[in-house]
Structures are given as C-alpha cells and as structure tokens.
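A short write-up of the structure that comes next.
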Amino acid sequence: MNNEKHIDILRSQLRNELTESAVYSKLASIEKNPKNREILLAISADEASHARVIGSILQCKGEPNRLKVAWIVLCAKVFGLTFVLKLMERGEDSAADTYREVTESYPQIAAIAHDEERHESELIGMLDDERLKNMGAIVLGLNDALVELTGALAGFTFAIGNPVRIAKLGLITGLAASMSMAASAFLSARADEQAGNTSDADEDDSSGAVKTAIYTGAAYVLTVFILVAPYAFFASATIALAVMLLLAFGIIAFFNFYLSVARETSFRRGFFVMAGISTLVALISYGFGYLLR
C-alpha cells in the first residue's frame, strides 16, 4: 500500500519536474540579466534530469502541464521575475519535503531532494526586481488613494447624489491629490538621498526620487480611475457606491496577495488592516455627507 502511494507521488512529481523545467527555460529566454539567465537554464537542466530519473523508475516519459507553463510565464511578464521566483521558491521547498517521503523506497531520489534545496537558495540569491524595490512607493500611492478616495466618494454619494457629478468631482479630487502625493514622495525621497550622500556631485542626482514619485503617482492615478468608474456606468449613486467598495476590496486583496508572495508577508493581516481602514473612513465620510445634505 505504501509503495502504491510512493508511485503516485512520483507520477505527480514527474509532471511537476517536466513543468518546472519548461518554466525555467521559458523564464531564461525572457530574462535580460546574463547571470540570472544562466542560473535559470541550469535549474531547468536539473529539473529535466530529475524527470529522467523519475521516468526511469516509473518506466514512462510523462508530459508537462503546458497551461501552467504559459500562466507562470505570463505572470513573469506582468508582475516581474521576483514575484514568479517567489512562487517557484515555494514549490522547490515543497518538492524537497515531498521527495524525502520516498527516499527510503527509492534511494536515488535523495540526490533530487538535495538539488531542490540548492535551487531554493539559488533562487533567493538572484532575486532583484525594480518593481519590488519601489514597492514602498506603490504602497504609499495605493494606500492613500484607497483611503482618501473611498472616503471622498462615499461622502459625495450622500451629499450630492448625482453619479455623473460625483464621477467628475472624484476625478478632480483624485487627480489633484495624485499630483500632490507624487510631489510629496519626490521631495521626501530626494531629501533622504541628499541626507545619505557624502559628495556634492551626488547631491543633484535625483533619479531615485523621480522613480519614487512616478511609482507613487501612477499607483494613485490607476486607483482613482478604477474607483471612479462605477459612477460613470451606473445611474444609481448607491449602486455605484457599493460597486466602488467592492472594487476597493478587490484592489486590496490583489495587492496584498502580491505582497504576501513577493515579500512573504501575511495576506490575511494585510488585507484586513487595509480593508478596515478604508471601510472606516468611508463610513465616517458617508456620515459627513449625510450631515451636509
């Protein structure tokens, strides 16, 4: 019975190894960093070697999950290599534990478990993504837009009632606030850069501050358009408010999922903190709108 379980595990792992070999090969083909590309190709070759070992035990070749390969490569193009490698890192850790279950029946699998652990350390060492470095700026823009605009739109909903007028006011408020937030982020980052520089030549180098401002402003503007959109499509301001809040929760959930993978933070805690703050501000602003009306 135990041997049958081990055979099932090996069948599953054969498909996983073939899939991961194809994934790492595809990631290497789109990776610009030569060192990272070499590591990805080496890991792809190792995974293919693992598949051959497992295939010889099972007396079959197996097939990769091509849909999963395409999905992971798409995620890499959209969210960056860091995000995908963190996902793959989780898989490497899980694979090493899985292989330990069958090493007693199949001693040749022990080397594969060792390789999976080595892959994990190599993946951690190559993580370098500008989007992740600027995540603080994105968090700043996203948090501020969610809190400020959900509150403003909730207040406008009760005080004004006309969804078209609310959409216009929301865009004016949001876009003006995004420029203010980007400017504040630039000045703050520039001050930090100047405080950390020791030479006069470096004091005027504000490229990092510009990037911070761009990431902050872009995150803010994108959030503004998403949250204002329901008021342009629904005739009822109340329905638009409900949809806007659902979209806000969706943004919060998506962003915290990204952070939970890329920075290994708690998804549940991050989601409830952000959602709770946005909801509380929206309720208070809705009350202000009621009093003003």
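The values are calculated or read from the model by the stated rules, or taken from the named source; none is laboratory data. These numbers were taken from a predicted model, which means no experiment stands behind them. Quick reminder, even Gly has a Cβ in these numbers, built from the backbone with ideal geometry, and neighbours come from all protein chains shown. Accessible surface is based on the protein model in full, side chains and every heavy atom, while ligands, DNA and RNA are left aside. Shrake-Rupley method; radii C 1.70, N 1.55, O 1.52, S 1.80 Å.
Take segment 147-192 with all the other protein chains still there, run a 1.4 Å probe, and you get 46 Å² of accessible area per residue.
Would you kindly give the portion of the calculated P(r) for segment 226-293 that falls above 16 Å, as a percent of all Cα pairs?
Pairs farther apart than 16 Å: 56 percent.
Computed from the C-alpha gyration tensor, the three semi-axes of the ellipsoid equivalent to segment 1-42 are 32, 8, 4 Å, from longest to shortest. Taking other residues whose beta carbon is less than 15 angstrom from the beta carbon of M179, and scoring Lys, Arg as +1 and Asp, Glu as -1, yields -2.
Heavy-atom accessible area per residue, segment 1-76, 1.4 Å probe: how many Å²?
58
Annotation: peptides 244-250, 17-23, ranked by per-residue average of other Cβ atoms within 10 Å with the highest first, follow the order 17-23, 244-250.
Given a Förster radius of 41 Å and the C-beta distance between F225 and E38 as r, what FRET efficiency does 1/(1 + (r/R0)^6) yield to the nearest 0.05?
Details: r = 41 Å, r/R0 = 1.00.
Result of the calculation: an efficiency of 0.50.
How large, in percent, is the carbon and sulfur part of the accessible surface of segment 1-103 at a probe radius of 1.4 Å? Within segment 1-103, the accessible surface is 54 percent carbon and sulfur.
Quick one: length gained pulling I160 to L175 fully straight, 0.36 nm per residue minus the C-alpha distance? Before the final figure, lay out the partial values.
On the way: separation 15, 0.36 × 15 = 5.40 nm, distance 1.97 nm.
Length difference between fully extended and current span is 3.4 nm.
Projecting the alpha carbon convex hull of segment 1-110 along each direction and taking the average yields 6.8 nm².
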